[in-house]
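K.L.:
One structure, pasted below without further comment.
The values are calculated or read from the model by the stated rules, or taken from the named source; none is laboratory data. Note that the structure is predicted; figures quoted are calculated from it, not measured. All Cβ positions, glycine included, derive from the backbone under ideal geometry; neighbour counts span all protein chains shown. We work out accessible area using only protein heavy atoms, side chains counted, and drop any ligands, DNA or RNA first. Shrake-Rupley method; radii C 1.70, N 1.55, O 1.52, S 1.80 Å.
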Number of protein chains: 2
Amino acid sequence: MALLERAQALQAQGRDILHLEVGEPDFPCPAPIMAAAGAALERGDTRYTPAAGLPALREAIALDYRRRLGAPVTAEQVVVTPGASGALQLVMAALLNPGDEALLCDPGYPCNRQFVTLAGGVPRPLTLDPAEQFRLSGERLAAQWGERTRLAMVASPDNPTGNRLDGAELAEMARWCAGRRGTLVVDEIYQGLCYDAPADTVLRHGDEAVVINSFSKYFGMTGWRLGWLVAPRALVPAIERLAQNWFLAPATVAQHAALAAFDEETLLIAEQRRQMLERRRTLLTESLPALGLPVVGGAEGAFYLYLDVSAHTDDSFAFCQDLLEKAGVALTPGLDFGASHQPERYLRLAYTCDEARLREALRRIADYLERP
Amino acid sequence: MALLERAQALQAQGRDILHLEVGEPDFPCPAPIMAAAGAALERGDTRYTPAAGLPALREAIALDYRRRLGAPVTAEQVVVTPGASGALQLVMAALLNPGDEALLCDPGYPCNRQFVTLAGGVPRPLTLDPAEQFRLSGERLAAQWGERTRLAMVASPDNPTGNRLDGAELAEMARWCAGRRGTLVVDEIYQGLCYDAPADTVLRHGDEAVVINSFSKYFGMTGWRLGWLVAPRALVPAIERLAQNWFLAPATVAQHAALAAFDEETLLIAEQRRQMLERRRTLLTESLPALGLPVVGGAEGAFYLYLDVSAHTDDSFAFCQDLLEKAGVALTPGLDFGASHQPERYLRLAYTCDEARLREALRRIADYLERP
């Protein structure tokens, strides 16, 4: 946060800052989605919807799981939410009782801790090993699962490592958790953004996991704040009641806009963007190791690279500060992704700007590292 | 809820149901707001905003307090939120520690309990007296304030009674709470909808209260899910951090749309609607007592009447069920607004449909009550 503010302040002073710290792609919201939003405005469709979302949107999401991903999801399992954030809040509250422990991958998305705490739960780091590319395995999950653990959460593809876990393996872990009166929550908000294998979902391989997703990343709908969750049917009534009490309903125009997300034209745009991101990834993964910045995570998805900076510093936060001041390149220090995985060795690069800017960033980083 | 579902089921069967249970006015979103939303779409303005909202919107809200309501509010005190629901969540979390007690007016808006519980607090009813028209007073507040109480919440105008409290009196109560290491939270989401006196805010009379507000009711932006809070400046950084973690940001297009809420043209539309609601209120308050349905609350604001139905039944829930089945009129039983104020004596009527429909409702209720 302090770095983000500093980056903005430098930019306001006229410095050219390369923003490789931002978790929001540089693509505009796809035209068919914008057109659907415009049509909803034309119709004056701005009143409250049901708490779990427009029935047509729940059905469209379920249909997309069945048709595009081959997972047997029904509309009754889908709850549309105010962003993935809203989904996380509902899921944590539905699954945790006060004092229950939740294992959160470390490194991992930092806000998840807040949702556990909000539900009265106790967040515990599920510490991952750089020797395993920070990849979660069933063994590691079992080893860290405790007597009071009721939930474990993992993202695939993951922020900050880009790791993509095998769907069948995830379903196996979900089954294992269910056998211990617990639940595996899988964050699939980067689902469509996979580079070495087609998109997959844990729901194609089993029905025990609870899944979080969002229109923000793959469908480019960041500022609309619209997400969803998929849960076993028995859990949905409780989740719907919470949604009714906490949110009343997700935003109406955003829901009508999202109905266009699964159109052929939108999916084509999303695929073109995925290919653009893949080219950016290739450019970076081919160049960074030569600068003494090896990529530690799998980098198979999302738009992040997690880099080992220990050849240059033993304090990645100070390194980020100095790089920003001297080279005008903004990155995110490992500390933002957890405290238990030796974060001072790592930093995250988000490839959310175009190739020309990324090349410029590589130049500046190389110059910076060559200084005496 | 059960009644709402039954009303919808009957309507789906082709019955003509008069919906006097709905807390959403029948007016469309004002044209200038829709136009501003359309312009934001044209510009492609759909990316994330800062967590506390667009600076221009925070400034516009503060300016409206200063110019239209005469309250010295600055932009730094304003946090834009995903609906008043988001504001409630932030405020409760910022003000309550686990185990702290919060007094909630009974009768009052039922979801407030959920936000207290979510923050780890313990909701306690602040039981109001029908002999005082269910109106909160400083004496009543002091009498029910306990050792562990850290917060009291009141709405003005209020749902379900329509009570409007004097701003100076509210500020006095806020000062009293502050003197006891506590806070008065004032829900002003029906602020503009006052019928016997101009709109007011507690913030014109003091700076100790925390205020919740929304674009939903007065500005007719229900489905957009946009609200705000005003807090003492010292509280705002903590609230902003929570907002960043929980919501990332309020919806972007909704915020651009809301910038048009304070336009002269929009305020004129809002005023016309207020006058329409006032005519509906007059029609009802002149007719209902003659049916043996006296109005208990002050009915000075919002769009609700709280009615004493004890001349006809000792179970207002059963009465509502029967009236729906036999007369096709949907009302809300008192139980939805708290358990401690003898809710079985009361029901709420929302005048959210036009005068012709209200006259029809009066006819049907009269017929129903005259049956042997």
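K.L.:
A:Gly301: net charge of surrounding residues, Cβ under 11 Å, Lys/Arg +1, Asp/Glu -1, itself excluded? Each step should come with its number before you reach the end.
P.N.:
Details: positive: A:Arg164, A:Lys217, A:Arg274, A:Arg281; negative: A:Asp158, A:Glu188, A:Asp196, A:Asp200, A:Glu278, A:Glu300.
That sum, taken over residues with Cβ under 11 Å, equals -2.
K.L.:
Roughly what % antiparallel, to the nearest 5, for the DSSP beta bridges in chain B?
P.N.:
The antiparallel proportion sits near 45 percent.
K.L.:
If you don't mind, there's one more thing I want to ask. Just need log10 I(q)/I(0) for the range A:139-180 at q = 0.29, 0.34 Å⁻¹, Debye formula, equal scatterers on the alpha-carbon atoms, no solvent, rounded to two decimals.
P.N.:
-1.12, -1.24
K.L.:
When the Cα centres of the range A:170-219 and the range A:268-298 are compared, how far apart do they sit, in Å?
P.N.:
Answer, in whole Å: 23.
K.L.:
Classify the range A:1-147: rounded, prolate or oblate, from the alpha-carbon gyration tensor (a ≥ b ≥ c, eigenvalue square roots; a/c under 1.5 rounded; otherwise prolate if a/b is larger than b/c)?
P.N.:
Note, shape of the range A:1-147 comes out oblate.
K.L.:
Next question, about the same structure. Starting at the first residue of the range B:22-30, write each ³J(HN,Hα) from the Karplus equation 6.51 cos²θ - 1.76 cosθ + 1.60 with θ = phi - 60°, in whole Hz, x for Gly and Pro.
P.N.:
8, x, 10, x, 7, 7, x, 4, x
K.L.:
Next question, about the same structure. The range A:86-195: D in µm²/s via Stokes-Einstein (Kirkwood Rh, Cα pairs, 4 °C, 1.567 mPa s)?
P.N.:
Diffusion coefficient, whole number: 94 µm²/s.
K.L.:
Report the one residue of B:Cys194, B:Phe247, B:Ala168 whose Cα lies farthest in the direction of the positive end of the charge dipole of the range B:32-263 (charges on C-beta: Lys and Arg +1, Asp and Glu -1; origin at the Cα centre).
P.N.:
B:Phe247
K.L.:
Still on this structure, I have one more. Given the rule -39500 (n - 2.57) for each run of at least 4 DSSP H residues, summed and divided by the residues of chain A, what is its mean residue ellipticity at 222 nm, to the nearest 500 deg cm²/dmol?
P.N.:
Calculated from helices alone, the mean residue ellipticity at 222 nm is -12500 deg cm²/dmol.
K.L.:
Cut-off 10 angstrom, C-alpha nodes, Gaussian network model of chain B. Which of B:Glu172, B:Glu286, B:Glu21 fluctuates the most?
P.N.:
So, out of B:Glu172, B:Glu286, B:Glu21, the one fluctuating most is B:Glu286.
K.L.:
Please compute the contact order of the range B:112-199 in relative form: average sequence separation of alpha-carbon pairs under 8 Å and at least six residues apart, divided by the residue count, as a percent.
P.N.:
Taking the mean separation of contacting Cα pairs over the length of the range B:112-199, I get 26 percent.
K.L.:
For A:Tyr346, list long-range residues whose amide hydrogen, built 1.01 Å from N in the peptide plane, is under 5 Å from its own amide hydrogen.
P.N.:
Under 5 Å from the amide H of A:Tyr346 lie the amide H atoms of A:Val309, A:Ser316, A:Gly334, each far enough along the sequence or on another chain.
K.L.:
Shielding of B:150-159 by partners, i.e. mean partner chain Cβ atoms within 10 Å per residue?
P.N.:
Mean partner-chain Cβ count within 10 Å for B:150-159: 0.
K.L.:
Let me know the charge dipole size of the range A:204-305 about its Cα centre in debye, to the nearest 20, where only the beta-carbon of Lys, Arg (+1) and Asp, Glu (-1) is charged.
P.N.:
Taking the Cα centre of the range A:204-305 as origin, the dipole is about 260 debye.
K.L.:
Counting Lys and Arg as +1 and Asp and Glu as -1, each charge on the Cβ, what is the dipole of the range A:1-160 about the Cα centre in debye, to the nearest 20?
P.N.:
Computed charge dipole of the range A:1-160: roughly 320 debye.
K.L.:
Less than 10 Å Cβ to Cβ from A:Gln321, Lys/Arg counted +1 and Asp/Glu -1: what total charge do the surrounding residues give? Please report the intermediate quantities before stating the final value.
P.N.:
Numbers: positive: A:Arg6, A:Lys326; negative: A:Asp315, A:Asp322, A:Glu325.
Value of the local net charge: -1.
K.L.:
Sorted by accessible area (1.4 Å probe), largest first, how do B:Cys177, A:Cys105 line up?
P.N.:
Descending order: A:Cys105, B:Cys177.
K.L.:
Please report the relative contact order for chain A, taking Cα pairs under 8 Å with a sequence separation of at least 6, and give it as a percent rounded to a whole number.
P.N.:
It rounds to 25 percent for chain A.
K.L.:
Between the range B:1-49 and the range B:317-355, how many Å separate their Cα centres?
P.N.:
22 Å
K.L.:
Over the Cα atoms, compute the radius of gyration (one decimal) and Dmax (the largest Cα-Cα distance, rounded to a whole number) for the range A:172-318, in Å.
P.N.:
For the range A:172-318, the Cα-based Rg and Dmax read 18.9, 54 Å.
K.L.:
When only alpha-carbon atoms count, how far does the range A:20-75 stretch along each of its three principal axes, as whole angstroms with the largest first?
P.N.:
Principal-axis extents of the Cα atoms in the range A:20-75, largest first: 36, 34, 21 Å.
K.L.:
Quote the convex hull volume per residue of the range A:283-349, based on C-alpha atoms, as a whole number of Å³.
P.N.:
Value for the range A:283-349: 90 Å³ per residue.
K.L.:
Among DSSP beta bridges whose residues both lie in the protein assembly as shown, state the antiparallel percentage, nearest 5.
P.N.:
Details: 34 of 74 bridges.
The antiparallel fraction comes to roughly 45 percent.
K.L.:
Return the carbon/sulfur percentage of the accessible area of chain A, one whole number, probe 1.4 Å, all protein chains in place.
P.N.:
Here carbon and sulfur together make up 51 percent of the probe-accessible area.
K.L.:
For a quick size check, give me the Cα extents of the protein assembly as shown along its three principal axes, largest first, whole Å.
P.N.:
Dimensions of the protein assembly as shown along the principal axes of its Cα atoms: 89, 52, 51 Å.
K.L.:
How about the range B:217-257: which of its residues lose at least 20 Å² of accessible area in the presence of all protein chains relative to their chain isolated, using a 1.4 Å probe?
P.N.:
Residues passing the criterion (a loss of at least 20 Å², heavy atoms only) are B:Thr222, B:Gly223, B:Trp224, B:Arg225, B:Gln244, B:Asn245, B:Trp246, B:Phe247, B:Leu248, B:Ala251, B:Val253.
K.L.:
Running a GNM on chain B with Cα contacts under 10 Å, which residue among B:Pro232, B:Pro110, B:Pro198 ends up with the highest mean-square fluctuation?
P.N.:
With Cα springs under 10 Å in chain B, the top fluctuation among B:Pro232, B:Pro110, B:Pro198 is at B:Pro198.
K.L.:
Further question: Kindly report the accessible area of the range A:32-263 per residue (heavy atoms of protein chains, probe 1.4 Å, no ligands, DNA or RNA), in Å².
P.N.:
That works out to 33 Å² per residue.
K.L.:
Distance in nm between label sites at B:Asp166 and B:Ala39, each 7 Å beyond Cα in the beta-carbon direction?
P.N.:
4.2 nm
K.L.:
For the range A:275-290, in order, what is each residue's ³J(HN,Hα) by Karplus, 6.51 cos²θ - 1.76 cosθ + 1.60 with θ = phi - 60°, in whole Hz (x at glycine and Pro)?
P.N.:
Each residue of the range A:275-290 in turn: 5, 4, 5, 5, 5, 4, 4, 4, 3, 6, 5, 7, 9, 5, x, 5 Hz.
K.L.:
Mean separation of Cα pairs under 8 Å and 6+ residues apart, divided by the residue count of the range B:92-155: what relative contact order is that in percent? List each step's numbers first, then the result.
P.N.:
Numbers: 95 pairs, mean separation 28.5, N = 64.
About 45 percent, as a whole number.
K.L.:
Treating only the Cβ atoms of Lys and Arg (+1) and Asp and Glu (-1) as charged, compute the dipole magnitude of chain A about its Cα centre; round to the nearest 20 debye.
P.N.:
About 640 debye.
K.L.:
Under a straight-distance cross-link criterion of Cα-Cα below 15 Å, which aspartates and glutamates are reachable from A:Lys326, leaving out those fewer than 8 residues away in the same chain?
P.N.:
A:Asp16, A:Glu360, A:Asp367, A:Glu370
K.L.:
While we're on this one: Would the range B:167-229 count as rounded, prolate or oblate if I go by the C-alpha gyration tensor, calling it rounded below 1.5 in a/c and otherwise prolate when a/b exceeds b/c, oblate otherwise?
P.N.:
Because a/c hits 1.5 or more and a/b fails to exceed b/c, the range B:167-229 counts as oblate.
K.L.:
Okay, next question. Find which of A:Asn213, A:Tyr109, A:Pro55 sits farthest along the positive direction of the dipole of the range A:32-263, computed with +1 on the beta-carbon of Lys and Arg, -1 on that of Asp and Glu, about the Cα centre.
P.N.:
A:Pro55
K.L.:
What residues in the range B:38-77 lose 30 Å² or more of accessible surface when the other protein chains are added to their chain alone (1.4 Å probe)?
P.N.:
At a threshold of 30 Å² (probe 1.4 Å), the residues of the range B:38-77 that become less exposed are B:Leu41, B:Thr46, B:Arg47, B:Tyr48.
K.L.:
Based on the Cα gyration tensor of the range A:32-263, what are the three equivalent ellipsoid semi-axes, each the root of five times an eigenvalue, rounded to whole Å and given largest first?
P.N.:
That gives 29, 19, 15 Å for the three semi-axes.
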